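The values are calculated or read from the model by the stated rules, or taken from the named source; none is laboratory data. Quick caveat, the model's predicted, so the values are computed rather than measured. Ideal geometry is used to build each Cβ from the backbone, glycine not excepted, and the neighbour counts take in all protein chains shown. Just so you know, the surface numbers come from the protein's heavy atoms only, side chains and all, with ligands and any DNA or RNA stripped out. Shrake-Rupley method; radii C 1.70, N 1.55, O 1.52, S 1.80 Å.
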Amino acid sequence: VTSSFDLNPRHFPKDFLWGVGSSSYQIEGGWNADDKGESIWDYMTHNHPEKIADRSNGDISSDSYHHWRRDVQMVHELHVKTYRFSISWPRIMPGGYMNQVSTAGIKYYSALIDELLHYNITPMVTMYHWELPQRLQELGGWTNPEIIPLFKDYARLLLEMFGDRVQIWTTINEPWHVCEHGYGVDYMAPAYNYPGIPAYLCGHNLLKAHAEVVHMYRAEYKKRQGGRMGITLDTSWMEPKSNSPEDREASQRALEFYVGWFGHPIFSTHGNYPATMVDRIRNLSKEQGFSRSRLPEFTKEEIQRIRGTADFFGINTYTTSLVTSNDHNNSAKFPIPSFNHDMGVVESQDPNWTGSGSVWLKVYPKGIYNLLMWIKKEYNNPPVIVTESGVSDRGGLEDYPRVDYYNQYLNFVLDALEDGANVQGYIAWSLMDSYEWKAGFTEKFGLYHVDFNDPQRKRTPKISARVFAHICKTNRIDWNYRPSLNEEQIT
Ligand code: GBH
């Protein structure tokens, strides 16, 4: 099926939503331009550079605060239909409150949106890709229920300012990552490193904040503005390490902890957290001497209010883990209590899988198929948009491994479509090389190379940009397409 003699190649659906993605802190720079406030990432990278692989920060990064016109040109060259980008909360509301709104911040995103529409590209806007105003972190961030009305205020401002021109919204990028990596371990900002308790408070407030925003959108904006709103979850595919019943159970449990924690309350028929999660955390909490479960409980009304609050299921997925049951030993990775210990799953990867520029990211193309089929089965086949998928390297324009990644992963997306999964789109991560959070500038995910030594931050298409553009243009995978680097423009 993959040879040049293939006279009948499989096509993606006509209206398949092709896209490329980025996020504000990773590309914008302009960290204190005009009246922008400090975010938790500004704060962490400035005060704790030792937490970042190359001690760098996003102060300038790809400088999209100044080069956004070129960014849109690139998106246009790629023949995609949508550009997924995020808005920086403190660029719009420097202190996180409505008392101070930045005109310069609003102007920036407004111009970007208009430029996209000029090229007929649909803006897909993420409200929160991890840039919390530092002032709100000082109140406890997502662990403080105050975040619910504050996030709603911020969302209302975005809908008022941009909702007439934005047809696809997602509220929050990767809640699991926000809560567990931000509060449970010393990883992403604010790096609380307080296992087993605050991540669940974060998740609880985050779900309520998300639901309030979707209800507000539906009640006050959707009819007039006509768009749709979802959320983006993330997970690796959890492949049972063996065919034993224990490992298959570990796989299902891991998916319920990573995806179900947020997916079940929003997308399942009954709502609420997955029963496995509720039971395990309640029982372990009791064993550990807590007077009630570390996982907060929703009231009946809250369960109903959260259920159904998404028009589509956004999923970010890059790689696969092999999973087996944990023996519950107390260890650095499984302290008692902790999310990992509650989940009770040990993850590994097959050393034979193709590597990438990131230790965690191994190429396992079938994982995306398995995950899409799992979502179909688990949540009654909701409309799904793959909001991120891609692979890193350590640099260079001749990125043939990235070409292979997209061809192979997309081939499995076609399989999932053929097997009935309601996949509506695929957004490649990422438009261009950018600030890779903890990895700083050491890992590159871009279809476009960015010269970080050039004050102009010159962008150059890699081989993968040409291949991805060809896929989006022809709506199919062409295994033999081998563009050269010589052409300056993508055609
Ligand atoms: C995405 O998250 C982000 O949304 C995006 O901003 C980012 O650029 C992209 O990843 C690439 O990194 O170090 O073993 O603890 C993807 C989900 C989950 C990927 C956690 C990195 C770290 C695993 N991420 N994972 S580990």
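Can you confirm whether segment 257-278 contains a residue that is hydroxyl-bearing (Ser, Thr, Tyr) and under 19 Å from residue 142 (Cβ atoms)?
yes
Does segment 252-274 contain any residue that is among the aliphatic types (A, V, I, L, M), open to solvent by 10 Å² or more (accessible area, probe 1.4 Å) and either under 30 Å from residue 217 (Cα atoms) or touching a Gly at 6+ places or on another chain (Cβ under 9 Å) (or both)?
no
Residues checked against (1) within 14 Å of the ligand (Cβ to nearest atom); (2) surrounded by 20 or more Cβ atoms within 10 Å (Cβ to Cβ); (3) under 20 Å from the mean Cα position of the chain (by Cα):
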site: 342; (1), (2), (3): no, yes, no
site: 361; (1), (2), (3): yes, yes, yes
site: 389; (1), (2), (3): yes, yes, yes
site: 396; (1), (2), (3): no, no, no
site: 409; (1), (2), (3): no, yes, yes
site: 433; (1), (2), (3): yes, yes, yes
site: 443; (1), (2), (3): yes, yes, yes
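So for segment 111-126 (the condition being aromatic (Phe, Trp, Tyr) and under 19 Å from residue 231 (Cβ atoms)), does at least one residue qualify?
No; the residues of segment 111-126 include none that is aromatic (Phe, Trp, Tyr) and under 19 Å from residue 231 (Cβ atoms).
Taking segment 125-158 on its own, how many of its residues are under 21 Å from the mean Cα position of the chain (by Cα) and not polar (S, T, N, Q)?
The qualifying residues number 17.
Scanning for something in contact (Cβ under 8 Å) with a residue 40 or more places away in the chain and open to solvent by 30 Å² or more (accessible area, probe 1.4 Å), does segment 312-319 turn up at least one residue?
no
For segment 450-480, which residues satisfy the criterion of being open to solvent by 20 Å² or more (accessible area, probe 1.4 Å) and within 16 Å of the ligand (Cβ to nearest atom)?
Scanning segment 450-480 gives a single hit, 452.
Is it the case that segment 365-385 has a residue that's within 12 Å of the ligand (Cβ to nearest atom), within 20 Å of the chain's Cα centre (by Cα), hydrophobic (A, V, I, L, M, F, W, C) and more than 18 Å from residue 70 (Cα to Cα)?
Checking segment 365-385: not a single residue is within 12 Å of the ligand (Cβ to nearest atom), within 20 Å of the chain's Cα centre (by Cα), hydrophobic (A, V, I, L, M, F, W, C) and more than 18 Å from residue 70 (Cα to Cα).
Mind counting the residues in segment 44-75 that are part of a loop (DSSP other than H, G, I, E, B) and buried (at least 23 other Cβ atoms within 10 Å of the Cβ)?
Result for segment 44-75: 3.
Test residue 54 against the stated conditions and say whether it is of a type outside the set (A, V, I, L, M), out of contact with any helix residue (DSSP H, G or I) (no Cβ under 6 Å at 6 or more places or on another chain) and either at pLDDT below 95 or under 27 Å from residue 142 (Cβ atoms) (or both).
Judged against the criteria, residue 54 is not a match.
Looking only at segment 19-43, which residues are of a type outside the set (S, T, N, Q) and either surrounded by fewer than 21 Cβ atoms within 10 Å (Cβ to Cβ) or in a loop (DSSP other than H, G, I, E, B) (or both)?
28, 29, 30, 31, 33, 34, 35, 36, 37, 38, 43
Give the number of residues within segment 344-359 that are more than 16 Å from the ligand (Cβ to nearest atom) and touching a strand residue (DSSP E or B) at 6+ places or on another chain (Cβ under 8 Å).
Residues flagged as more than 16 Å from the ligand (Cβ to nearest atom) and touching a strand residue (DSSP E or B) at 6+ places or on another chain (Cβ under 8 Å) within segment 344-359 amount to 2.
I'd like to know if segment 170-182 contains one or more residues that are acidic (Asp, Glu) and free of Cβ contacts under 8 Å to residues at least 40 places away in the same chain.
no
If you take the residues in segment 316-339 that are outside any loop (DSSP other than H, G, I, E, B) and closer than 30 Å to residue 413 by Cα, which one is nearest to the ligand (Cβ to nearest atom)?
316
Out of (1) part of a loop (DSSP other than H, G, I, E, B); (2) within 16 Å of the ligand (Cβ to nearest atom); (3) of a type outside the set (Val, Ile, Thr), the odd one out for residue 292 is which?
It is condition (2) that residue 292 fails.
Residues 416, 465, 469: which one is more than 22 Å from residue 313 (Cβ to Cβ), in a helix (DSSP H, G or I), in contact with a helix residue (DSSP H, G or I) (Cβ under 7 Å, 6 or more places away or on another chain) and of a type outside the set (Lys, Arg)?
One residue alone meets the criteria, 469.
I'd like the residue in segment 295-312 that is in contact with a helix residue (DSSP H, G or I) (Cβ under 6 Å, 6 or more places away or on another chain) and assigned to a helix (DSSP H, G or I) and, out of all such residues, is nearest to residue 207 (Cα to Cα).
By that ranking, first place goes to 306.
Could you please let me know if residue 283 is assigned to a helix (DSSP H, G or I), among the polar types (S, T, N, Q), at pLDDT 95 or above and open to solvent by 50 Å² or more (accessible area, probe 1.4 Å)?
yes
Given the criterion surrounded by fewer than 19 Cβ atoms within 10 Å (Cβ to Cβ) and in contact with a helix residue (DSSP H, G or I) (Cβ under 9 Å, 6 or more places away or on another chain), identify the matching residue among 181, 210, 215.
Unique residue meeting the criteria: 215.
Among the listed residues 219, 254, identify the single one that is over 22 Å from residue 425 (Cα atoms) and within 16 Å of the ligand (Cβ to nearest atom).
Testing whether each residue is over 22 Å from residue 425 (Cα atoms) and within 16 Å of the ligand (Cβ to nearest atom) leaves just 254.
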